[in-house]
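The values are calculated or read from the model by the stated rules, or taken from the named source; none is laboratory data. Remember, it's a predicted structure, so these values are computed and weren't measured experimentally. Protein only, heavy atoms only, side chains kept; ligands, DNA and RNA dropped before computing areas. Shrake-Rupley method; radii C 1.70, N 1.55, O 1.52, S 1.80 Å.
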Amino acid sequence: MSLPAPWSSPLAASLLAPLGWGWAAVGGMRRALYRRGLKRGRRLPAPTISVGNLTVGGTGKTPMVAHLLATLPDEFRPPLVLSRGYGDALVIDGAAANDEGHLLRRRFPDLLLAAAPDRAAAAAPFFARETPPACVILDDGAQHLQIERDLEIMLLDVRSLVGPRRVLPAGPWREGLGAAAAADLLVLTRGEEVSAEDLATAEASLVRHFPRTPRFRARHAPRRLRSLGGTVEDLGVLRGRRVGLVCGIARPESFRRVVEELGAEVAFALSRPDHRAFDAALGEDLRRRVAASGADLVLTTEKDAPKILAADEAAWPDLRVLEIDLELDDEPRFRELVLARLREAAR
(Lines give C-alpha, C1' and ligand atoms only; values in the text may rest on other atoms or scores of the structure.)
Protein backbone atom coordinates (compact mmCIF):
# COMPACT_ATOMS: atom_id res chain seq x y z
CA MET A 1 0.00 0.00 0.00
CA SER A 2 1.31 3.45 -0.91
CA LEU A 3 1.88 5.97 1.85
CA PRO A 4 -0.46 8.99 1.82
CA ALA A 5 0.95 12.19 0.35
CA PRO A 6 2.10 14.72 2.97
CA TRP A 7 -0.43 17.27 1.72
CA SER A 8 -3.36 14.88 2.22
CA SER A 9 -3.67 16.35 5.72
CA PRO A 10 -4.86 20.01 5.62
CA LEU A 11 -2.80 20.77 8.71
CA ALA A 12 0.38 19.29 7.21
CA ALA A 13 -0.25 21.12 3.93
CA SER A 14 -0.56 24.44 5.78
CA LEU A 15 2.62 23.83 7.77
CA LEU A 16 4.52 22.89 4.61
CA ALA A 17 3.23 25.87 2.62
CA PRO A 18 6.35 28.04 3.20
CA LEU A 19 8.54 25.29 1.75
CA GLY A 20 6.22 25.17 -1.26
CA TRP A 21 6.60 28.92 -1.79
CA GLY A 22 10.36 28.52 -1.74
CA TRP A 23 10.25 25.63 -4.21
CA ALA A 24 7.99 27.63 -6.54
CA ALA A 25 10.37 30.61 -6.37
CA VAL A 26 13.37 28.43 -7.25
CA GLY A 27 11.49 26.92 -10.18
CA GLY A 28 10.48 30.36 -11.43
CA MET A 29 14.05 31.64 -11.22
CA ARG A 30 15.31 28.59 -13.11
CA ARG A 31 12.83 29.14 -15.93
CA ALA A 32 13.75 32.84 -16.05
CA LEU A 33 17.42 31.97 -16.60
CA TYR A 34 16.51 29.89 -19.66
CA ARG A 35 13.94 32.38 -20.91
CA ARG A 36 16.48 35.24 -20.82
CA GLY A 37 19.21 33.19 -22.45
CA LEU A 38 21.46 33.14 -19.38
CA LYS A 39 21.22 29.35 -19.55
CA ARG A 40 20.63 27.47 -22.78
CA GLY A 41 19.29 24.05 -23.55
CA ARG A 42 20.87 21.79 -26.14
CA ARG A 43 19.37 21.64 -29.61
CA LEU A 44 18.87 18.10 -30.93
CA PRO A 45 19.25 17.43 -34.69
CA ALA A 46 15.53 16.66 -35.15
CA PRO A 47 12.23 18.39 -34.38
CA THR A 48 11.51 17.93 -30.68
CA ILE A 49 8.19 17.73 -28.80
CA SER A 50 7.96 17.96 -25.02
CA VAL A 51 5.05 16.26 -23.25
CA GLY A 52 4.85 17.25 -19.60
CA ASN A 53 2.74 18.45 -16.72
CA LEU A 54 2.90 20.66 -13.64
CA THR A 55 1.71 18.16 -11.03
CA VAL A 56 3.02 14.82 -9.81
CA GLY A 57 1.77 11.59 -11.37
CA GLY A 58 -1.30 10.38 -13.18
CA THR A 59 -1.98 13.21 -15.62
CA GLY A 60 -1.62 11.12 -18.78
CA LYS A 61 1.85 11.93 -20.10
CA THR A 62 2.66 8.43 -21.38
CA PRO A 63 -0.81 7.96 -22.95
CA MET A 64 -0.24 11.29 -24.73
CA VAL A 65 3.18 10.08 -25.96
CA ALA A 66 1.51 6.91 -27.24
CA HIS A 67 -1.18 9.02 -28.92
CA LEU A 68 1.47 11.08 -30.72
CA LEU A 69 3.42 7.99 -31.78
CA ALA A 70 0.28 6.41 -33.23
CA THR A 71 -0.50 9.45 -35.39
CA LEU A 72 2.95 10.51 -36.65
CA PRO A 73 3.18 10.37 -40.45
CA ASP A 74 6.03 8.56 -42.20
CA GLU A 75 8.04 11.75 -42.63
CA PHE A 76 8.65 11.82 -38.86
CA ARG A 77 9.55 8.16 -38.44
CA PRO A 78 11.45 6.67 -36.78
CA PRO A 79 10.71 8.69 -33.63
CA LEU A 80 12.93 8.70 -30.55
CA VAL A 81 11.35 8.88 -27.08
CA LEU A 82 13.59 10.28 -24.35
CA SER A 83 12.57 9.86 -20.72
CA ARG A 84 14.07 10.17 -17.27
CA GLY A 85 13.28 6.51 -16.60
CA TYR A 86 11.80 6.74 -13.11
CA GLY A 87 11.43 3.64 -11.01
CA ASP A 88 12.67 0.07 -11.24
CA ALA A 89 14.22 -1.32 -14.40
CA LEU A 90 12.45 -4.44 -15.70
CA VAL A 91 14.20 -6.96 -17.95
CA ILE A 92 11.90 -8.62 -20.49
CA ASP A 93 13.28 -10.64 -23.41
CA GLY A 94 16.73 -9.23 -22.66
CA ALA A 95 15.61 -5.58 -22.88
CA ALA A 96 15.75 -3.34 -19.81
CA ALA A 97 13.33 -0.44 -19.32
CA ASN A 98 10.91 0.85 -16.73
CA ASP A 99 7.18 0.06 -16.88
CA GLU A 100 6.34 2.96 -19.21
CA GLY A 101 9.19 2.10 -21.56
CA HIS A 102 7.97 -1.49 -21.95
CA LEU A 103 4.41 -0.26 -22.48
CA LEU A 104 5.55 1.90 -25.40
CA ARG A 105 7.77 -0.84 -26.82
CA ARG A 106 4.90 -3.33 -26.82
CA ARG A 107 2.66 -0.92 -28.71
CA PHE A 108 5.38 0.30 -31.07
CA PRO A 109 7.97 -2.46 -31.63
CA ASP A 110 10.17 -0.29 -33.89
CA LEU A 111 10.32 2.57 -31.39
CA LEU A 112 13.68 4.13 -30.51
CA LEU A 113 13.79 4.60 -26.76
CA ALA A 114 16.34 5.95 -24.28
CA ALA A 115 16.02 6.66 -20.56
CA ALA A 116 18.63 8.59 -18.58
CA PRO A 117 18.95 11.74 -16.45
CA ASP A 118 21.16 13.28 -19.17
CA ARG A 119 18.77 12.91 -22.08
CA ALA A 120 20.92 14.79 -24.58
CA ALA A 121 23.81 12.39 -23.98
CA ALA A 122 21.44 9.42 -24.23
CA ALA A 123 20.15 10.71 -27.58
CA ALA A 124 23.59 11.18 -29.18
CA PRO A 125 24.21 7.53 -30.28
CA PHE A 126 20.85 7.44 -32.09
CA PHE A 127 21.84 10.37 -34.30
CA ALA A 128 25.01 8.51 -35.33
CA ARG A 129 22.90 5.69 -36.82
CA GLU A 130 22.50 5.16 -40.54
CA THR A 131 18.80 6.02 -40.09
CA PRO A 132 18.66 8.66 -37.34
CA PRO A 133 15.47 9.72 -35.57
CA ALA A 134 13.20 11.96 -37.64
CA CYS A 135 11.70 13.51 -34.51
CA VAL A 136 12.13 13.37 -30.73
CA ILE A 137 9.51 13.21 -27.98
CA LEU A 138 10.50 14.15 -24.43
CA ASP A 139 8.31 12.09 -22.10
CA ASP A 140 7.82 14.11 -18.90
CA GLY A 141 9.78 16.99 -20.39
CA ALA A 142 8.18 20.11 -18.90
CA GLN A 143 10.85 20.54 -16.23
CA HIS A 144 13.70 19.19 -18.38
CA LEU A 145 14.85 22.53 -19.76
CA GLN A 146 18.30 21.20 -20.70
CA ILE A 147 16.91 20.26 -24.12
CA GLU A 148 15.30 22.83 -26.40
CA ARG A 149 11.90 21.94 -27.78
CA ASP A 150 9.98 23.02 -30.86
CA LEU A 151 6.59 22.20 -29.38
CA GLU A 152 5.58 22.19 -25.72
CA ILE A 153 2.46 20.17 -24.85
CA MET A 154 1.37 20.74 -21.25
CA LEU A 155 -1.14 18.41 -19.61
CA LEU A 156 -3.21 19.74 -16.72
CA ASP A 157 -5.36 17.49 -14.53
CA VAL A 158 -8.75 19.20 -14.07
CA ARG A 159 -8.78 18.26 -10.38
CA SER A 160 -5.52 20.10 -9.75
CA LEU A 161 -6.97 23.29 -11.24
CA VAL A 162 -10.10 23.32 -9.06
CA GLY A 163 -8.27 22.43 -5.83
CA PRO A 164 -5.63 24.32 -3.82
CA ARG A 165 -2.61 25.04 -6.04
CA ARG A 166 0.10 24.30 -3.51
CA VAL A 167 3.61 23.47 -4.67
CA LEU A 168 5.66 20.55 -3.34
CA PRO A 169 5.90 19.49 -0.55
CA ALA A 170 2.70 21.31 0.46
CA GLY A 171 0.75 20.05 -2.55
CA PRO A 172 1.05 18.08 -5.79
CA TRP A 173 2.25 20.96 -7.98
CA ARG A 174 5.83 20.76 -9.28
CA GLU A 175 5.70 24.42 -10.31
CA GLY A 176 3.16 27.21 -10.15
CA LEU A 177 0.49 27.55 -12.83
CA GLY A 178 2.47 30.40 -14.38
CA ALA A 179 4.90 27.85 -15.81
CA ALA A 180 2.16 26.85 -18.28
CA ALA A 181 2.90 30.13 -20.11
CA ALA A 182 5.71 28.18 -21.83
CA ALA A 183 3.21 25.78 -23.41
CA ASP A 184 2.22 25.85 -27.07
CA LEU A 185 -0.75 23.53 -26.46
CA LEU A 186 -2.68 23.02 -23.21
CA VAL A 187 -4.55 19.74 -22.67
CA LEU A 188 -7.06 19.29 -19.86
CA THR A 189 -7.14 15.67 -18.68
CA ARG A 190 -9.28 13.61 -16.29
CA GLY A 191 -12.33 15.76 -17.03
CA GLU A 192 -14.44 12.59 -17.07
CA GLU A 193 -13.77 12.22 -13.34
CA VAL A 194 -15.23 15.58 -12.23
CA SER A 195 -18.53 17.42 -12.49
CA ALA A 196 -19.41 19.60 -15.46
CA GLU A 197 -19.17 22.60 -13.14
CA ASP A 198 -15.60 21.76 -12.10
CA LEU A 199 -14.62 21.19 -15.72
CA ALA A 200 -16.03 24.59 -16.68
CA THR A 201 -14.20 26.22 -13.75
CA ALA A 202 -10.88 24.66 -14.80
CA GLU A 203 -11.32 25.73 -18.40
CA ALA A 204 -12.26 29.27 -17.38
CA SER A 205 -9.07 29.47 -15.33
CA LEU A 206 -6.97 28.58 -18.36
CA VAL A 207 -8.83 31.07 -20.54
CA ARG A 208 -8.19 33.79 -17.96
CA HIS A 209 -4.48 33.05 -17.60
CA PHE A 210 -3.60 31.92 -21.15
CA PRO A 211 -6.23 33.31 -23.53
CA ARG A 212 -4.17 32.81 -26.70
CA THR A 213 -2.90 29.28 -26.07
CA PRO A 214 -4.87 26.55 -27.91
CA ARG A 215 -6.71 24.33 -25.45
CA PHE A 216 -7.98 20.77 -25.74
CA ARG A 217 -9.84 18.30 -23.55
CA ALA A 218 -8.67 14.71 -23.29
CA ARG A 219 -10.29 11.71 -21.66
CA HIS A 220 -8.95 8.30 -20.73
CA ALA A 221 -11.05 5.88 -22.78
CA PRO A 222 -10.97 2.09 -22.16
CA ARG A 223 -10.42 0.22 -25.42
CA ARG A 224 -10.15 -3.55 -24.88
CA LEU A 225 -8.98 -6.39 -22.65
CA ARG A 226 -5.87 -8.39 -23.44
CA SER A 227 -4.36 -11.48 -21.84
CA LEU A 228 -0.65 -11.45 -21.01
CA GLY A 229 -0.21 -13.72 -24.00
CA GLY A 230 -1.88 -11.22 -26.34
CA THR A 231 -5.40 -12.65 -26.73
CA VAL A 232 -7.90 -9.81 -27.14
CA GLU A 233 -11.39 -9.67 -25.60
CA ASP A 234 -14.21 -7.17 -25.83
CA LEU A 235 -14.87 -4.94 -22.82
CA GLY A 236 -18.41 -6.31 -22.62
CA VAL A 237 -17.15 -9.49 -20.95
CA LEU A 238 -16.64 -7.50 -17.74
CA ARG A 239 -20.30 -6.68 -17.23
CA GLY A 240 -21.59 -8.52 -14.19
CA ARG A 241 -18.21 -10.16 -13.46
CA ARG A 242 -16.67 -10.18 -9.99
CA VAL A 243 -13.05 -9.06 -10.38
CA GLY A 244 -9.93 -8.26 -8.41
CA LEU A 245 -7.62 -5.36 -9.23
CA VAL A 246 -3.87 -5.03 -8.91
CA CYS A 247 -1.89 -1.98 -9.98
CA GLY A 248 1.12 0.20 -9.22
CA ILE A 249 0.12 3.56 -10.67
CA ALA A 250 -0.18 7.10 -9.38
CA ARG A 251 -3.99 7.08 -9.24
CA PRO A 252 -5.34 3.59 -8.46
CA GLU A 253 -8.76 5.07 -7.71
CA SER A 254 -9.07 6.08 -11.39
CA PHE A 255 -8.43 2.48 -12.47
CA ARG A 256 -11.16 1.24 -10.12
CA ARG A 257 -13.60 3.88 -11.37
CA VAL A 258 -13.13 2.79 -15.00
CA VAL A 259 -13.60 -0.89 -14.14
CA GLU A 260 -16.80 -0.22 -12.20
CA GLU A 261 -18.16 1.95 -15.03
CA LEU A 262 -17.64 -1.04 -17.35
CA GLY A 263 -20.11 -2.99 -15.19
CA ALA A 264 -17.77 -5.16 -13.11
CA GLU A 265 -18.03 -5.65 -9.36
CA VAL A 266 -14.70 -5.10 -7.61
CA ALA A 267 -14.12 -7.85 -5.05
CA PHE A 268 -10.75 -6.52 -3.90
CA ALA A 269 -8.09 -4.04 -4.99
CA LEU A 270 -4.36 -4.09 -4.32
CA SER A 271 -2.11 -1.14 -5.10
CA ARG A 272 1.66 -0.76 -4.99
CA PRO A 273 3.88 2.33 -5.36
CA ASP A 274 4.10 3.84 -8.83
CA HIS A 275 6.98 2.59 -11.04
CA ARG A 276 7.98 -0.16 -8.57
CA ALA A 277 8.54 -3.75 -9.65
CA PHE A 278 6.18 -6.58 -8.65
CA ASP A 279 7.42 -9.89 -7.28
CA ALA A 280 6.18 -13.48 -7.20
CA ALA A 281 5.03 -13.03 -3.58
CA LEU A 282 2.46 -10.52 -4.78
CA GLY A 283 1.23 -13.11 -7.28
CA GLU A 284 0.77 -15.68 -4.51
CA ASP A 285 -1.06 -13.07 -2.40
CA LEU A 286 -3.39 -12.44 -5.32
CA ARG A 287 -4.10 -16.16 -5.67
CA ARG A 288 -5.14 -16.32 -2.01
CA ARG A 289 -7.35 -13.25 -2.37
CA VAL A 290 -9.02 -14.68 -5.46
CA ALA A 291 -9.83 -17.88 -3.59
CA ALA A 292 -11.17 -16.01 -0.56
CA SER A 293 -13.23 -13.42 -2.45
CA GLY A 294 -14.75 -15.52 -5.18
CA ALA A 295 -13.37 -13.25 -7.89
CA ASP A 296 -13.16 -15.07 -11.23
CA LEU A 297 -10.75 -12.66 -12.90
CA VAL A 298 -7.97 -10.22 -11.98
CA LEU A 299 -7.42 -7.01 -13.91
CA THR A 300 -4.29 -4.91 -14.16
CA THR A 301 -3.25 -1.85 -16.16
CA GLU A 302 -1.24 -1.78 -19.36
CA LYS A 303 1.59 -0.04 -17.50
CA ASP A 304 1.67 -2.81 -14.88
CA ALA A 305 1.65 -5.76 -17.31
CA PRO A 306 5.45 -5.61 -17.84
CA LYS A 307 5.97 -5.89 -14.08
CA ILE A 308 4.11 -9.20 -14.09
CA LEU A 309 5.98 -10.52 -17.11
CA ALA A 310 9.28 -9.62 -15.43
CA ALA A 311 8.22 -11.26 -12.15
CA ASP A 312 7.42 -14.71 -13.62
CA GLU A 313 3.80 -14.71 -14.74
CA ALA A 314 3.42 -18.40 -13.83
CA ALA A 315 3.06 -17.38 -10.17
CA TRP A 316 0.03 -15.22 -10.92
CA PRO A 317 -3.69 -15.97 -11.21
CA ASP A 318 -5.69 -15.52 -14.41
CA LEU A 319 -5.12 -11.88 -15.46
CA ARG A 320 -6.39 -9.47 -18.08
CA VAL A 321 -4.82 -6.16 -19.04
CA LEU A 322 -7.19 -3.23 -19.45
CA GLU A 323 -5.91 -1.07 -22.30
CA ILE A 324 -6.80 2.62 -22.15
CA ASP A 325 -6.17 5.30 -24.77
CA LEU A 326 -6.28 9.07 -24.69
CA GLU A 327 -9.09 10.67 -26.71
CA LEU A 328 -9.00 14.37 -27.65
CA ASP A 329 -12.08 16.48 -28.21
CA ASP A 330 -10.78 18.04 -31.44
CA GLU A 331 -8.27 15.54 -32.79
CA PRO A 332 -8.04 17.00 -36.34
CA ARG A 333 -7.11 20.45 -35.05
CA PHE A 334 -4.65 19.01 -32.52
CA ARG A 335 -2.95 16.94 -35.19
CA GLU A 336 -2.84 19.92 -37.57
CA LEU A 337 -1.11 22.12 -34.99
CA VAL A 338 1.40 19.42 -34.04
CA LEU A 339 2.36 18.60 -37.62
CA ALA A 340 2.60 22.27 -38.61
CA ARG A 341 5.11 22.90 -35.83
CA LEU A 342 7.11 19.76 -36.63
CA ARG A 343 7.30 20.65 -40.32
CA GLU A 344 8.33 24.20 -39.53
CA ALA A 345 11.13 22.92 -37.27
CA ALA A 346 12.27 20.40 -39.93
CA ARG A 347 12.94 23.08 -42.57
Would you mind telling me which residue in 131, 201, 55 has the biggest mean-square fluctuation in a Gaussian network model of the chain, where springs connect alpha carbons within a distance under 10 angstrom?
131
Accessible area in square angstrom per residue, the stretch 261-347, 1.4 angstrom probe:
47 Å²
Quote to one decimal, in nm, the extra length available between residue 280 and residue 224 on full extension: 0.36 nm per residue of separation minus the C-alpha distance between them.
17.6 nm
Per residue of the chain, what 222 nm ellipticity follows from adding -39500 (n - 2.57) for every DSSP H run with n ≥ 4, rounded to the nearest 500?
-10500 deg cm²/dmol
Compactness relative to 2.2 N^0.38 Å, alpha carbon Rg of the chain
1.01
For q = 0.19, 0.29, 0.30 Å⁻¹, Debye-computed log10 I/I(0) when each Cα of the stretch 163-209 counts as one equal scatterer:
-0.73, -1.21, -1.21
Scalar couplings 3J(HN,Hα) for the stretch 138-153 by Karplus 6.51 cos²θ - 1.76 cosθ + 1.60 (θ = phi - 60°), nearest whole Hz, x for Gly and Pro, are 8, 7, 6, x, 4, 8, 8, 7, 5, 10, 6, 10, 8, 9, 10, 9
Just to be sure I understand the rule: take each whole DSSP H helix in the chain, project its Cα atoms onto its long axis, keep it if the span is 15 Å or more and its mean Kyte-Doolittle hydropathy is at least -0.5. Which ones pass?
10-35, 61-71, 196-209, 280-293, 331-346
antiparallel share of DSSP beta bridges within the chain, to nearest 5, in %, is 25 percent
The relative contact order of the stretch 269-347, taking Cα pairs under 8 Å that sit 6 or more residues apart, comes to a percentage of 31 percent
Which of the lysines could be linked to residue 61 by a straight reach, that is with a Cα gap under 25 Å, when you skip same-chain ones fewer than 8 residues away?
303, 307
With Rh as the Kirkwood radius over Cα pairs, the stretch 147-290 has Rg/Rh of 1.04
